[in-house]
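Worksheet: the structure to be examined is printed underneath.
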Amino acid sequence: MTQHTLELPGAELVYDVHGPLPTADGRPPLLMIGQPMDASGFQAQVKLFDDRTVVTYDPRGLGRSRRTDGEVTNEPEAQSEDVHAIIEALGVGPVDLFGSSGGAVTALALLTAHPDDVVTLVAHEPPIDAVLPDADAVHRARIAYTQLYQARGWGAGMAGFIASPRGRAS
């Protein structure tokens, strides 16, 4: 594995490349992204793809990536531009992309803004609640667990998420 740092306006992003670039077999690299988790959350999955070059990263403000813009929110459009910049930095063309949770929302935003960046997308459990029949209740729950996260940290926020209608449905 090689670790890289990409300096962008407002952030220093850290990403890891597991395997050779360009890839040994000519297949696109597999980029794995999550939100609100960093690259460490994919350690077990990376080991399952020993026949592929896998790229993981820490979204801005998480793990080893540092924000320099003073912001605290992570909007999918901004996150997708970060992922686009990483794909460009790889210099090997489009990627296969696995996005989980908020990473799936980022991946969908990336596909909208930069469709040529992605060969195949697997969007795993994107929290796009507006299409649910109980969207209003889920929206209120999201506000509540986000406030818990901001006031008391990751563990309290995760407990609030698990207790929410969205968390129970997952």
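The values are calculated or read from the model by the stated rules, or taken from the named source; none is laboratory data. Remember, predicted model here, so these are calculated numbers, not experimental data. Positions of Cβ are generated from backbone atoms using ideal geometry, with glycine treated the same way; all protein chains shown enter the neighbour counts. Calculation scope for accessible area: heavy atoms of the full protein, side chains included, ligands and nucleic acids excluded. Shrake-Rupley method; radii C 1.70, N 1.55, O 1.52, S 1.80 Å.
Mind listing the long-range amide H neighbours of Ala11? Cut-off is under 5 Å, sequence gap 5 or more, other chains count too, H placed in the peptide plane at 1.01 Å from N.
Result for Ala11 returns Thr68.
Quick one: which residues, 5+ away or cross-chain, put their amide H under 5 Å from the amide H of Gly61? H built at 1.01 Å from N.
Sorted by chain and number, the residues that satisfy this are Arg66, Arg67.
Any chance you could get the radius of gyration and Dmax over the Cα atoms of segment 88-144, in Å?
For segment 88-144, the Cα radius of gyration and maximum Cα-Cα distance read 14.2, 44 Å.
Can you put His124, His114 in order of accessible area, largest first, using a 1.4 Å probe?
His124, His114
Go ahead and estimate [θ] at 222 nm for the chain from helices alone: -39,500 (n - 2.57) per DSSP H run with n ≥ 4, summed, over the residue count, rounded to 500. Intermediate values should be presented prior to the final figure.
Values: 6 runs with 66 residues, N = 170.
So the calculated ellipticity at 222 nm is -12000 deg cm²/dmol.
Heads up, I need the accessible area for Asp16: 1.4 angstrom probe, whole protein in place, Å², nearest 10.
10
Over segment 20-170, what percent of the accessible surface lies on carbon and sulfur atoms, probe 1.4 Å?
After summing per-atom areas, the C and S share lands at 58 percent.
Antiparallel versus total DSSP beta bridges in the chain: what percent is that, nearest 5?
50
Of the listed values [x] 9, 29, 25, 21, 12, 4, 0; [y] 11, 41, 38, 10, 1; [z] 10, 37, 35, 16, 2, grab the one calculated as P(r) over Cα pairs in 10 Å bins from 0, in percent from the structure here.
[z]
What is the Cα centroid distance between segment 144-161 and segment 83-125, reported in whole angstrom?
So the two Cα centres are separated by 27 Å.
Please list Ile143, Ile162, Ile33 from largest to smallest accessible area, probe radius 1.4 Å, with all protein chains kept in place.
Ranked list, largest accessible area first: Ile162, Ile143, Ile33.
How do 102-108, 146-152 rank on mean C-beta neighbours within 10 Å, highest first?
102-108, 146-152
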